[in-house]
Each structure stands twice: as structure tokens, then as C-alpha cells.
Amino acid sequence: MIVEEIMKQNVTTLFPEDTIAAAIKLMTEKKIRHIPIVNNDYGVIGLVSDRDIKDAAPSIFHLDDHKGELDNPIKSIMTTKVITGHPLDFIEEIAAVFYEHNISCLPIIKDRKLVGIVTETDLLHTLVELTGANQPGSQIEVRVPNKAGMLCEVASVISIRKANIQSVLVYSDPKDERYKILVVRIQTMNPIAVIEDLKKAGHQVLWPNLPGVSS
């Protein structure tokens, strides 16, 4: 899946000369946490977050003394070193960018113009949909040797019961790099028969570890 499929295209923006008060008003009305700051060519030159606003806005206890600060231009508080993405970037690539740079939104640029934005909430919703966690089903975790063909073997066992595979995640065994953990979500509420088949085929099922089911 690519960024273009999940990004929001109707992006709320401001110009650098707009006021901090205007940013507060927009964030409140639109219920958003980030506003890209653009130039006349719709190129991104900055970014303002709700945290930037919170740091810049005067305390309610000193509002009368500092009310004029809200009339300052947004360029006075915006972040200018903005990390951006492209519509054709893969979701897992931008997820890594979020993780590595500890950011919560990513403006999406094409031909030097802002065409969309992706937030951490968008990524979370996409993860839920890709893993099928929002659909009825059962999750099975299988520990397999880190070699070619193991996913095919596990899928072949599952197919015997005609259980529909909703999603598959693969990650390294944190205790032994010679093994991988396959996280398979199948469209059934009773996975006992599938688990029995996997164990009979010689696979190590980590989850669910059901009482009474042979190991």
C-alpha cells in the first residue's frame, strides 16, 4: 500500500504572515493538531503543531498582559525543518520515518507542492485494517526456522481446514535469530482444529496455548 491511498488530500494550511490566533481558531474548528505553512506556490515552508501553539500562547492567568502575542505571525513559532513524503512512498517506509524521527505528521509533496498529509492516527487506522484486527477472527502465532518456504508450509496446513487467512505478519524471534514468528490471523472464531493440525505437522504454536491441546 502506498501513501496516496491513505493521505488526506483536503489539507488545512496557513501562510507565514497569518497570526497565531488564526492557527488556534483553525485547530479548534477543524479539530486538527498540525497545520502546514505554505507559500504562494503551495510549497511547504513550515509546520505548526498544537504543541507549538501551547508553548506560544499566553497562560490564562496572564492573558491580559500578553494578549498581543496571539497577533504575532505564525512564522515566528513554526518549525522550518519539515520532513516530508511522496504520494508513491510505501506505508511501511513512512511508518519508519515516523518512528526514527519521532514525528506525528508528514506533509506529502509532489512536484514541490503540498498534495496531502498523513498523521499517526492515519497510520494506526491503516495498521488495524491491514491486520484485519477490526474483523471477527482468531490470531495464531507460530515459531518457525528462519528459512525459505516456511510461510508456504504453514499456509498449506491452514488451507486444509479451508480457513481464510486475513493477514500475516512476520518478525524475528527476539530470543533466537535463527527463528521467525509468523502471526497469522484467520477468519474463524474457533481455531482449535487448525492449531492441532499445525502441531501435528511439527510446527511450534506459541499462541494461543490452549489447555488440553497437545503440544
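Can you bin region 123-174 into rounded, prolate or oblate? Criterion: square roots of the alpha carbon gyration tensor eigenvalues sorted a ≥ b ≥ c, rounded for a/c under 1.5, prolate for a/b above b/c, oblate for the rest. Show your work: numbers first, answer last.
Values: a/c = 2.51, a/b = 1.28, b/c = 1.96.
Here region 123-174 falls in the oblate category.
Using the Cβ atoms and a cut-off under 9 Å, what net charge is assigned to the surroundings of M27, where Lys and Arg are +1 and Asp and Glu are -1?
Details: positive: K25, K30, K31, R33; negative: E29, D50.
With Lys, Arg at +1 and Asp, Glu at -1, the neighbours total +2.
Under a plain spin-label model, where a point goes 7 Å from the Cα along Cα-to-Cβ, how far apart in nm are M1 and C152?
Here the modelled spin labels are 2.8 nm apart.
For all pairs of alpha-carbon atoms in region 132-206, what percent lies in each bin of width 10 Å, listed from the first bin to the last filled one?
20, 56, 23, 1
At a 1.4 Å probe radius, carbon and sulfur cover how many percent of the accessible area of the chain?
On the way: 6940 of 13410 Å².
Its accessible area is 52 percent carbon and sulfur atoms.
For Rg and Dmax of the Cα atoms in Å, which listed value, [x] 18.7, 65; [y] 24.3, 75; [z] 17.3, 53, comes from the coordinates shown?
[y]
Where does the longest stretch of the chain lie that holds no trypsin sites (Lys or Arg not before Pro) found in a DSSP loop with 11 or fewer other Cβ atoms within 10 Å?
Maximal segment without exposed cleavage sites: 32-80.
Write down, largest first, the equivalent ellipsoid semi-axes of region 1-122 in whole Å, where each equals the square root of 5 times an eigenvalue of the alpha-carbon gyration tensor. Before the final figure, lay out each step's value.
Values: eigenvalues 157, 44, 26 Å².
Semi-axes (√(5λ), whole Å): 28, 15, 12.
Cβ under 14 Å from D173's Cβ, D173 left aside: what net charge do those residues give with Lys, Arg +1 and Asp, Glu -1?
Here the count lands on +2.
Can you list the residues of region 143-175 with backbone N under 18 Å from a point 7 Å past the Cα of Y99, pointing along Cα to Cβ?
Label zone hits: 168-175.
Using helices alone, what [θ] at 222 nm do you get for the chain, with -39,500 (n - 2.57) per DSSP H run of 4 or more residues, divided over all residues and rounded to the nearest 500? Kindly include the intermediate steps, with their values, before the conclusion.
Details: 7 runs with 65 residues, N = 215.
Computed ellipticity for the chain at 222 nm equals -8500 deg cm²/dmol.
With only Lys, Arg, Asp and Glu charged, each at its Cβ (+1 for the first two, -1 for the last two), find how big the charge dipole of the chain is about the Cα centre; round to the nearest 20 debye.
Numbers: 23 positive and 28 negative charges, 170 e Å.
With Lys and Arg at +1 and Asp and Glu at -1, about 820 debye.
The values are calculated or read from the model by the stated rules, or taken from the named source; none is laboratory data. Fair warning: this is a prediction, and the values are worked out from it, not measured in the lab. For neighbour counting, all protein chains shown are included, and Cβ atoms are generated from backbone atoms with ideal geometry for every residue, glycine included. For the accessible areas, the whole protein counts, side chains as well, though only heavy atoms, and no ligand, DNA or RNA atoms are used. Shrake-Rupley method; radii C 1.70, N 1.55, O 1.52, S 1.80 Å.
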